[in-house]
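Please treat every number below as a calculation from the coordinates, not as lab data. Just so it is clear, the structure is predicted and the values come from calculations on it, not from any experiment. So basically every Cβ, Gly included, is an ideal-geometry build from the backbone, and we count neighbours across all protein chains shown.
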Amino acid sequence: MRVVLAEDLHLLREGLVHLLRAHGFEVVAAVESGPELLDALVRERPDVAVVDVRLPPTFTDEGLQASLEARRLVRGLPILVLSQHVEQLYARELLADGTGGIGYLLKDRVFNGDQFIDAVRRVAGGGTAMDPEVIAKLLVSNARSEPLALLTPREREVLELMAEGRSNAAIGQRLYLSESAVGKHTAGIFAKLGLAPSDDDNRRVLAVLAFLNSR
Amino acid sequence: MVRRTLTALGGGTALLGLALLGQIVGLITLAGVLLSFMLGLVFAFPPAVRLARATIGLHRSLVLRLTGTRIDVPYLPAPPPPVPLHDGWYRDGRKLYRTPLIPSFNQRLNWLFKDPATWRDLTFLLMNLWTTGLVVAAPVLLAVLGVVRLVSGDPLGVVWTALGAGVAPWYAPRAVRAYGRVAEAMLGPTRKARLAQQVDRLSAARTEVVDSQAAELRRIERDLHDGAQARLVAIGMTIGAAEELLETDPNAARALLGRARDASATALQELRRLVRGIHPPVLAERGLGDAVRAIALDTPLRTHVTVDLPGRPEAPIESAAYFAVSELLSNAVRHGGAGEVWIDISHQGPVLRVTTTDDGHGGADASRGTGLNGIERRIGAFDGILAVSSPPGGPTTAVIELPRAFAAPRRSPIADWRTIVIAMCWTLCWIPLFPQGLVTMGLKLAGVRVKSWFLAMHVAEPFQWPVIIGMILLGGAMLTTGVVLSARQREAEVGVCA
């Protein structure tokens, strides 16, 4: 799988290249600034890109802007955004086009190599990978939403994991439930939130995120 | 018209009455001053000055009532009460006192004596009746004089009364306004006093900023010391232990490394929280508008944020505004019981204005809440102001204004067309106006037949007058254009600076 990587800190960039190569990815470009990133994304059309939000030359949200621009030019280009901090505002901007293939994670998540690689693969496959902290913030800002108050504690746990972008199988593994039990919970959640059920994992996740972002 | 005249006449009479009272008070004060400096009865000085200030206070409120002119209080701030030395004695110069009575009195005496406003007050009280007092009440005095003469059998008294009544409609309102101006000039703070007041305010603000900054730095130091730093030490030790176990017990080593990784994640989390408190990353990355949108999203309230800014304000001001909004929002969530919040960020010239309104139950009080005090302190350092309106039952509206948030647009060094036109008008208007216009006219009227460089004299006889008049008109038009354009430009500059 072909990857474009954008990270300005040399040590972290080398570490990420190493990690990705070790898991069988082919790093076609490892760049360190916003303009270079946009150029590499449009030229290489990678299967997935791993991008740091803050990049030179402005050291603001250069990486995020380049990613959004690239996705405008190449619809659905899978991009996993990494940052030292997560903001709902940025998550909304990344999800706004509703096409999936988007990840937004704290940099700390790189520590757990397997989970990180899993997230990269999910994004490459057109899925989503949202940081648990973003989801927690989304739920806080929806605290007064009535349909959410109707969920049972178990359904809420499932909802959180689903919003992070996990498949039913992964959620089952995480909560020690059978896949069919998770399926039942998901059906319950969708009924209570008034969303149309779907068999496709990715589409389900996007529906849930759209619901949480609709406020 | 009649009503305005009558009000002005009444006001004038009231001012005259007050001037009379002022005269008496002025004489008493003068007596107090003379007693204290010639006979050494210094204790007479402070009460005399206090009496004078009270009378001047009456003047201030009456002038405000009649003319709408607000006269600011020019007095120097009162000295702080004397502080005892560590042994309980009070020191004043080279003497020590057992009680604060005498040092305190000396300080107050010094304060009153050295304030130039004290002496200006006294001058005003003594002079006022004979100058502005008589002027402002002139129509009434004339009328009264006439009536008195009439009663004492002089029929010409009617003339005086009629004169008083005749000039009153035009004279009385103007006289009252003029009185307001004179009083403002005499009783208001001088430029020096204003500067002194500003210096006091600024140094108080600076002390607060320095204090709170020091406290902030101490907090950050403590957080780093107890948090991230301690954790990094632990991580280093854990990795060291894992290294030693690597050969003998690889499983235990792996477990230790896992622990080290978890500890580093926690350290990162702590650092992230700390950074957010110092300078939120969204603010650095996106500026005030999006940073406020981001915190608004993180609250459980329904929020509406509108932003209209020409660019990014200066960084410290941006940060102060951000923390103020964040505090106001958390107040709305915690105390206000609000469900919906409107935040409006706009600018007017160089002034940044942030308005937040919520539908909570109101009752916020700046004098009680430490949160609102904190906001005032924070924005006070930038001459910012906070106004809160929070009637019981809501809604609560808080307005923050920060002057000079945006650098005033600098005028381009290249002269624009207006400047060029102004320069042309000012430098050239005299040529058509004088030698070619007025001087030629004078020569023609006098019958002098000099041609020289007077254009009109060179053309045929029937065209001479039209040329002369045309020249005068041209010169006049140039002069007027110059005056009008310069005035407009000055107005625009004042608008930018204000």
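Laid out as a table, the results:
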quantity: Peptide-level mean, for B:292-298, of C-beta atoms on other protein chains within 10 Å; calculated: 5
quantity: Mean Cβ count within 10 Å, highest first, over the residues of peptides A:98-104, B:227-233; calculated: A:98-104, B:227-233
quantity: Angle in degrees between helix A:201-213 and the longest Cα principal axis of chain A, rounded to the nearest 10; calculated: 80 degrees
quantity: Dipole-positive endmost among B:Ile239, B:Ala263, B:Val158 within chain B (Cβ charges, Cα centre); calculated: B:Val158
quantity: For segment A:31-178, size of Cβ-based charge dipole, Lys and Arg +1, Asp and Glu -1, in debye; calculated: 400 debye
quantity: Taking segment B:125-203 and dividing mean pair separation by its residue count, relative contact order in percent (alpha carbons under 8 Å, at least six apart); calculated: 27 percent
quantity: Taking the convex hull of Cα positions in segment B:318-467, its mean projected area over all directions (nm²); calculated: 17.2 nm²
quantity: Dipole of segment B:1-93 [Lys/Arg +1, Asp/Glu -1 at C-beta], most positive-end residue of B:Phe37, B:Tyr90, B:Tyr75; calculated: B:Tyr75
quantity: Principal semi-axes in Å for chain B [√(5λ), Cα gyration tensor, largest first]; calculated: 65, 44, 25
quantity: Solution diffusion estimate, µm²/s, Stokes-Einstein, the protein assembly as shown, Kirkwood Rh from C-alpha pairs, 10 °C, viscosity 1.306 mPa s; calculated: 46 µm²/s
quantity: Inter-label distance for A:Lys184 and A:Met1, nm, one decimal - labels placed 7 Å from Cα along Cα-to-Cβ; calculated: 3.3 nm
quantity: Average beta-carbon neighbours from other chains, 10 Å sphere, peptide A:142-148; calculated: 1
quantity: Structure-based [θ]222 nm, chain A - -39500 (n - 2.57) summed over DSSP H runs of at least 4, per residue, nearest 500; calculated: -16500 deg cm²/dmol
quantity: Sorted largest first, extent of chain A alpha carbons per principal axis (Å); calculated: 47, 33, 27
quantity: Helix B:101-114 axis, angle to chain B major axis (alpha carbon atoms, nearest 10°); calculated: 50 degrees
quantity: Mean separation of Cα contacts under 8 Å, 6 or more apart, over the residue count of segment B:1-148: relative contact order %; calculated: 35 percent
quantity: Crossing angle, helix B:45-67 versus chain B [Cα axis fit, 0-90 degrees, rounded to tens]; calculated: 80 degrees
quantity: Proximal charge balance of B:Gly360 [Cβ under 11 Å; K/R count +1, D/E count -1]; calculated: -2
quantity: Cα pair distances exceeding 18 angstrom across segment A:21-85, given as percent; calculated: 30 percent
quantity: Translational diffusion of segment B:144-190, µm² s⁻¹ [Kirkwood Rh, Cα pairs; Stokes-Einstein; 20 °C; 1.002 mPa s]; calculated: 171 µm²/s
quantity: Selected from A:Ser180, A:Pro56, A:Ile135, residue furthest toward positive end of dipole (chain A; charges at beta carbon); calculated: A:Ser180
quantity: Semi-axis lengths, Å, segment B:136-286, gyration tensor of Cα atoms, sqrt of 5 times eigenvalues; calculated: 91, 15, 9
quantity: Within straight-line cross-link reach of A:Lys192, lysines at Cα separation under 30 Å, skipping those fewer than 8 residues along the same chain; calculated: A:Lys137, A:Lys184
quantity: Hull shadow area, averaged, segment B:27-85 [alpha-carbon convex hull, nm²]; calculated: 5.8 nm²
quantity: Within segment B:302-389, GluC sites (Glu not before Pro) in DSSP loop having at most 16 other beta-carbon neighbours inside 10 Å; calculated: B:Glu314
quantity: Whole-number percent relative contact order across chain B, with pairs defined as alpha carbons under 8 Å at least 6 apart; calculated: 9 percent
quantity: 5 angstrom amide H check on A:Ala6, placed H, neighbours 5+ away; calculated: A:Val31, A:Val50, A:Val51, A:Asp52
quantity: For chain B, size of Cβ-based charge dipole, Lys and Arg +1, Asp and Glu -1, in debye; calculated: 2180 debye
quantity: Inter-chain shielding of A:79-90 (mean C-beta neighbours from other protein chains, 10 Å cut-off); calculated: 4
quantity: Amide H partners (placed H, <5 Å) of A:Gly103, local residues excluded; calculated: A:Ile79, A:Leu80, A:Val81, A:Ala129
quantity: Dipole magnitude of segment B:21-156 about its Cα centre (Cβ charges: Lys, Arg +1; Asp, Glu -1), debye to nearest 20; calculated: 320 debye
quantity: Peptides B:78-85, B:109-116, B:175-182 ordered by average Cβ neighbours within 10 Å, highest first; calculated: B:175-182, B:109-116, B:78-85
